[in-house]
Amino acid sequence: VGEQVVLKCSFTSSSPITESLTVDWTYQPLTGGRMETIFHYQSVAYPTTMGKFKDRISWTGNVAKGDASIAIQSLVLSDNGTFICSVKNPPDV
(Lines give C-alpha, C1' and ligand atoms only; values in the text may rest on other atoms or scores of the structure.)
Protein backbone atom coordinates (compact mmCIF):
# COMPACT_ATOMS: atom_id res chain seq x y z
CA VAL A 1 0.00 0.00 0.00
CA GLY A 2 1.34 3.42 -0.97
CA GLU A 3 4.25 1.97 -2.94
CA GLN A 4 4.95 1.45 -6.64
CA VAL A 5 4.91 -1.92 -8.38
CA VAL A 6 6.19 -2.96 -11.79
CA LEU A 7 3.94 -5.45 -13.56
CA LYS A 8 6.30 -7.47 -15.73
CA CYS A 9 5.31 -8.63 -19.18
CA SER A 10 7.71 -10.19 -21.65
CA PHE A 11 7.05 -11.50 -25.15
CA THR A 12 8.71 -13.01 -28.18
CA SER A 13 7.57 -12.65 -31.77
CA SER A 14 8.33 -14.52 -34.95
CA SER A 15 7.72 -11.28 -36.88
CA PRO A 16 9.96 -8.19 -36.86
CA ILE A 17 8.89 -5.55 -34.33
CA THR A 18 7.17 -2.69 -36.17
CA GLU A 19 5.06 0.33 -35.29
CA SER A 20 2.03 -1.92 -35.78
CA LEU A 21 2.84 -3.68 -32.50
CA THR A 22 0.26 -3.01 -29.80
CA VAL A 23 0.20 -3.74 -26.08
CA ASP A 24 -3.01 -3.73 -24.06
CA TRP A 25 -3.21 -4.13 -20.30
CA THR A 26 -6.60 -5.06 -18.87
CA TYR A 27 -7.73 -5.25 -15.26
CA GLN A 28 -10.52 -7.02 -13.41
CA PRO A 29 -11.09 -6.29 -9.72
CA LEU A 30 -10.68 -9.15 -7.24
CA THR A 31 -14.34 -8.63 -6.32
CA GLY A 32 -15.37 -9.32 -9.93
CA GLY A 33 -16.96 -6.93 -12.35
CA ARG A 34 -16.06 -6.08 -15.89
CA MET A 35 -12.61 -6.17 -17.45
CA GLU A 36 -11.35 -2.69 -18.30
CA THR A 37 -8.44 -1.59 -20.46
CA ILE A 38 -6.09 0.43 -18.26
CA PHE A 39 -3.17 0.91 -20.66
CA HIS A 40 -2.55 0.89 -24.41
CA TYR A 41 0.76 1.15 -26.27
CA GLN A 42 1.35 1.64 -29.99
CA SER A 43 4.66 3.42 -30.70
CA VAL A 44 3.85 5.64 -27.69
CA ALA A 45 2.18 5.00 -24.34
CA TYR A 46 -1.51 5.70 -23.82
CA PRO A 47 -2.28 5.29 -20.11
CA THR A 48 -5.93 5.39 -19.12
CA THR A 49 -7.43 8.86 -18.70
CA MET A 50 -10.24 7.70 -16.44
CA GLY A 51 -11.02 5.24 -13.69
CA LYS A 52 -9.08 4.20 -10.62
CA PHE A 53 -5.68 4.03 -12.37
CA LYS A 54 -5.85 7.51 -13.93
CA ASP A 55 -2.48 9.31 -13.54
CA ARG A 56 -0.94 6.29 -11.77
CA ILE A 57 0.31 4.10 -14.65
CA SER A 58 3.57 4.56 -16.52
CA TRP A 59 5.28 2.59 -19.29
CA THR A 60 8.51 0.86 -18.27
CA GLY A 61 8.71 -1.49 -21.25
CA ASN A 62 10.98 -1.63 -24.26
CA VAL A 63 9.32 -3.49 -27.15
CA ALA A 64 12.63 -3.83 -29.00
CA LYS A 65 13.76 -6.03 -26.09
CA GLY A 66 10.48 -7.94 -25.76
CA ASP A 67 9.41 -6.02 -22.67
CA ALA A 68 5.84 -4.69 -22.26
CA SER A 69 5.94 -3.92 -18.53
CA ILE A 70 4.11 -1.10 -16.76
CA ALA A 71 4.40 0.51 -13.34
CA ILE A 72 1.55 1.52 -11.03
CA GLN A 73 2.13 4.17 -8.37
CA SER A 74 0.43 4.81 -5.01
CA LEU A 75 -1.06 1.35 -4.62
CA VAL A 76 -4.17 0.83 -2.52
CA LEU A 77 -5.64 -2.47 -1.33
CA SER A 78 -8.59 -2.16 -3.72
CA ASP A 79 -6.16 -2.30 -6.69
CA ASN A 80 -5.94 -6.04 -6.07
CA GLY A 81 -7.22 -8.05 -9.02
CA THR A 82 -6.27 -9.72 -12.28
CA PHE A 83 -4.00 -7.86 -14.69
CA ILE A 84 -3.61 -9.22 -18.23
CA CYS A 85 -0.98 -8.14 -20.75
CA SER A 86 -1.80 -8.74 -24.44
CA VAL A 87 0.80 -8.12 -27.15
CA LYS A 88 -0.01 -8.17 -30.86
CA ASN A 89 2.68 -7.80 -33.52
CA PRO A 90 0.89 -8.35 -36.85
CA PRO A 91 0.79 -10.81 -38.39
CA ASP A 92 2.00 -12.51 -35.17
CA VAL A 93 -0.24 -12.42 -32.08
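The values are calculated or read from the model by the stated rules, or taken from the named source; none is laboratory data. Predicted, not measured: the structure shown is a model, and the values here were computed from it. Please note: Cβ atoms are built from the backbone with ideal geometry, for glycine as well, and neighbour counts cover all protein chains shown. Side chains are part of the model used for accessible areas, which takes the heavy atoms of the whole protein and leaves out ligands, DNA and RNA. Shrake-Rupley method; radii C 1.70, N 1.55, O 1.52, S 1.80 Å.
Summary table
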quantity: Efficiency of FRET from Cβ geometry, residue 92 and residue 49, R₀ 41 Å, rounded to 0.05; calculated: 0.90
quantity: Ratio of the Cα radius of gyration of the chain to 2.2 N^0.38 Å, where N counts its residues; calculated: 1.09
quantity: Phi to ³J(HN,Hα) by Karplus 6.51 cos²θ - 1.76 cosθ + 1.60 over the range 84-93, Hz, x for Gly, Pro; calculated: 10, 9, 10, 10, 10, 10, x, x, 7, 10
quantity: Full-extension gain in nm, residue 58 to residue 18, via 0.36 nm per residue minus C-alpha separation; calculated: 12.3 nm
quantity: Per residue value of the accessible surface for the range 26-93 (all protein chains in place, 1.4 Å probe), Å²; calculated: 58
quantity: Accessible area of the range 3-86 belonging to carbon and sulfur atoms, whole % at 1.4 Å probe; calculated: 54
